[in-house]
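Notes follow once the structure below has been shown.
Bear in mind that the values in this text are calculations on the coordinates, not laboratory data. Predicted model, so just to flag it, every value in this text is computed and none were measured. For neighbour counting, all protein chains shown are included, and Cβ atoms are generated from backbone atoms with ideal geometry for every residue, glycine included.
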Amino acid sequence: MAYNNNPIGIFDSGIGGLTVANAVTRLLHDENIIYFGDTAHMPYGDKSIALIKSYAVRISKFLIEDQRCKAVVIACNTASAAAYEYLRDELKGQIPVINVIDPMIERVIEDSSIHNVGIIATKTTIASGVYQEKLSRRKPSLKFSALATPLLAPMIEEGFYNNSISKAVLENYLKQPELKNIDALILACTHYPMIKHQIASYYHESVQILDSAEVVARKLKMILAKEGLECEKDHVHQDQFFVSDFTTSFEKTASHFYPKPISLIKTNIWDNNFDQQS
Ligand code: DGL
């Protein structure tokens, strides 16, 4: 059987993608992960599709050409909305690219208990209409409503979660009329699982709260198996975490949400000299 011990590249604007990296590590514990948090450009959610696409293309190049990744996971809804189709087509036949939106769409349309689903995400993800388009095309009978919640990702990135500030901001969004009468809520931003318990308790556990981490990890596992890209069992490996700018909140929050110790490497991939510091 063929093996491939090269790492899996995972990226986001900041810490949000760690929720996906965490699920990948739990499901595929022998695999090696290279994580890239584009903290210098965070938040992505208020930027244009063209700008986010240019970041996603550059980060993918770093992961594939410099870090020799065998697969790339876009662990960010905003970057998935902006760049997935482009990267998938550009890299076709070379390496698989996995986004966080399609596995969630599959999850929702297959669940017959969901009739009215809410979507919360960044401004750019909501404005792209990608969830709305895919849900209405794949399951026309499904009711859905979408609400941009732009304060949430920067708030979480700054370390404000599971406290009274995050509770107040969150409640202000969740009480909006768009989210009335829903039976499920898609957390369409990878930062939001970090406040999943607060969201669930707002609804007194009566609304299904859906995040993409596990469905994305399962999709990745399936693709690696199908493409003959799985690693050997117990090969020596070490995950690596790159950021485009050092932020103390990244280090602090990352240590809460990732099961293994993280040491950050700052790299300026926008500069040809590749200045790297740990
Ligand atoms: N975590 C990212 C997402 O899933 C967005 C956060 C940001 O605005 O940078 O959309």
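Quick one: angle between helix 164-174 and the longest Cα principal axis of the chain, in degrees between 0 and 90, rounded to 10, please.
Helix 164-174 and the main axis of the chain meet at about 60 degrees.
Per Stokes-Einstein, at 10 °C and 1.306 mPa s, what whole-number D in µm² s⁻¹ belongs to the chain, with the Kirkwood radius over Cα pairs as the hydrodynamic radius? Numbers along the way, then the final one.
On the way: Rh = 18.9 Å.
So the translational diffusion coefficient is about 84 µm²/s.
Need one number: nm distance between label points at residue 142 and residue 94, each 7 Å from Cα along Cα→Cβ, rounded to one decimal.
Going from the residue 142 label point to the residue 94 one covers 3.2 nm.
If you take the beta carbon distance between residue 3 and residue 65 as r and set R0 to 25 Å, what does 1/(1 + (r/R0)^6) give as a FRET efficiency, to the nearest 0.05?
Values: r = 22 Å, r/R0 = 0.87.
After rounding to 0.05, the efficiency reads 0.70.
So which aspartates and glutamates can residue 47 reach, going by Cα to Cα under 17 Å and dropping same-chain residues fewer than 8 places off?
By straight Cα distance, residue 47 reaches 12, 38, 157.
Evaluate the relative contact order of the stretch 126-227 (contact order divided by residue number), counting alpha-carbon pairs under 8 angstrom at least 6 apart; express in whole percent. Could the numbers behind the result be given before it?
Values: 71 pairs, mean separation 23.1, N = 102.
Relative contact order of the stretch 126-227: 23 percent.
Wrap a convex hull around the Cα atoms of the stretch 59-133, take a quarter of its surface area, and give that in square nanometres.
Numbers: hull surface 23.0 nm².
With the hull built on Cα positions only, its mean projection is 5.7 nm².
Arranged by the count of other C-beta atoms within 10 angstrom, fewest first, what order do 107, 138 take?
On the way: 107 20, 138 14.
Ascending number of Cβ neighbours within 10 Å: 138, 107.
Name the residue, out of 37, 118, 129, whose mean-square fluctuation peaks in a Gaussian network model built on the chain with Cα pairs under 10 Å.
The residue that fluctuates most here is 129.
Suppose the chain between residue 183 and residue 204 were pulled fully straight at 0.36 nm per residue; how much longer would it get relative to their current alpha carbon spacing?
Values: separation 21, 0.36 × 21 = 7.56 nm, distance 1.21 nm.
Gain on stretching residue 183 to residue 204: 6.4 nm.
In whole angstrom, how far apart do the alpha carbon centroids of the stretch 213-231 and the stretch 154-191 sit?
30 Å
If each residue of separation counts as 0.36 nm, what is the full-extension length gain between residue 123 and residue 249 once their alpha-carbon separation is subtracted? Spell out each step's value before the answer.
Working: separation 126, 0.36 × 126 = 45.36 nm, distance 2.28 nm.
My answer for the length gained is 43.1 nm.
Provide, in order from the shortest bin, the percent of all Cα-Cα pairs of the stretch 1-158 in each 5 Å bin, continuing until the bin that contains the maximum pair distance.
2, 9, 17, 21, 19, 16, 10, 5, 1, 0
Quick one: order 78, 247, 125 by neighbouring beta-carbon count within 10 Å, fewest to most. Walk me through the intermediate numbers first.
Details: 78 32, 247 22, 125 27.
Ordered from fewest to most neighbouring Cβ atoms within 10 Å, 78, 247, 125 come out as 247, 125, 78.
At 0.36 nm per residue, minus the direct Cα-Cα distance, what do residue 167 and residue 30 gain on full extension? Give it in nm, one decimal, please.
45.6 nm
Helix-derived [θ] at 222 nm for the chain: sum -39500 (n - 2.57) over DSSP H runs of at least 4, divide by residue count, nearest 500? Intermediate results must be reported in sequence, preceding the final value.
Details: 11 runs with 108 residues, N = 278.
So the helix-based figure for the chain works out to -11500 deg cm²/dmol.
Once you have a ≥ b ≥ c as the square roots of the Cα gyration tensor eigenvalues for the stretch 121-237, tell me rounded if a/c is under 1.5, and otherwise prolate or oblate according to whether a/b is larger than b/c. Write out the running numbers ahead of the final one.
Details: a/c = 2.18, a/b = 1.41, b/c = 1.55.
Since a/c reaches 1.5 but b/c is at least a/b, the shape of the stretch 121-237 is classed as oblate.
Cα extents of the stretch 1-80 along the three principal axes, largest first, in whole Å?
So the extents along the principal axes, rounded to whole Å, are 44, 25, 18.
Which percentage, to the nearest 5, of the DSSP beta bridges contained in the stretch 1-139 is antiparallel?
Working: 0 of 12 bridges.
Here the antiparallel bridges make up roughly 0 percent for the stretch 1-139.
How big is the gap, in Å, between the Cα center of the stretch 1-74 and the Cα center of the stretch 84-117?
The stretch 1-74 and the stretch 84-117 have Cα centres separated by 16 Å.
Tell me the angle of helix 248-257 to the major Cα principal axis of the chain, expressed in degrees between 0 and 90 and rounded to the nearest ten.
On a 0 to 90 degree scale, this one is about 80.
Only counting other Cβ atoms within 10 Å, I'd like 69, 189 sorted with the fewest neighbours first.
69, 189
Any idea what the relative contact order of the chain is, in percent, if you count C-alpha pairs under 8 Å spaced at least 6 apart? Working shown, then result.
On the way: 526 pairs, mean separation 75.7, N = 278.
Relative contact order of the chain: 27 percent.
Tell me, what is a quarter of the convex hull surface for the C-alpha atoms of the stretch 74-182, in nm² with one decimal?
For the stretch 74-182, averaging the hull's shadow over all directions gives 8.1 nm².
Can you give the percent of C-alpha pairs in the stretch 171-278 whose distance is more than 21 Å? Let's see the in-between values first.
Values: 3460 of 5778 pairs.
Everything past 21 Å amounts to 60 percent.
Can you classify the stretch 181-244 as rounded, prolate or oblate using the Cα gyration tensor, where a ≥ b ≥ c are the square roots of its eigenvalues, rounded means a/c under 1.5, and otherwise it's prolate if a/b beats b/c and oblate if not?
On the way: a/c = 3.21, a/b = 2.00, b/c = 1.60.
Verdict is prolate for the stretch 181-244.
Given labels modelled 7 Å from the Cα in the Cβ direction, how far is it in nm from residue 113 to residue 266?
4.7 nm
Answer rounded, prolate or oblate for the stretch 100-164, using the Cα gyration tensor with square roots of eigenvalues a ≥ b ≥ c: rounded when a/c is under 1.5, else prolate when a/b is larger than b/c, else oblate. Could the numbers behind the result be given before it?
Working: a/c = 2.49, a/b = 1.93, b/c = 1.29.
Prolate shape, in that a/c is at least 1.5 and a/b is the bigger ratio.
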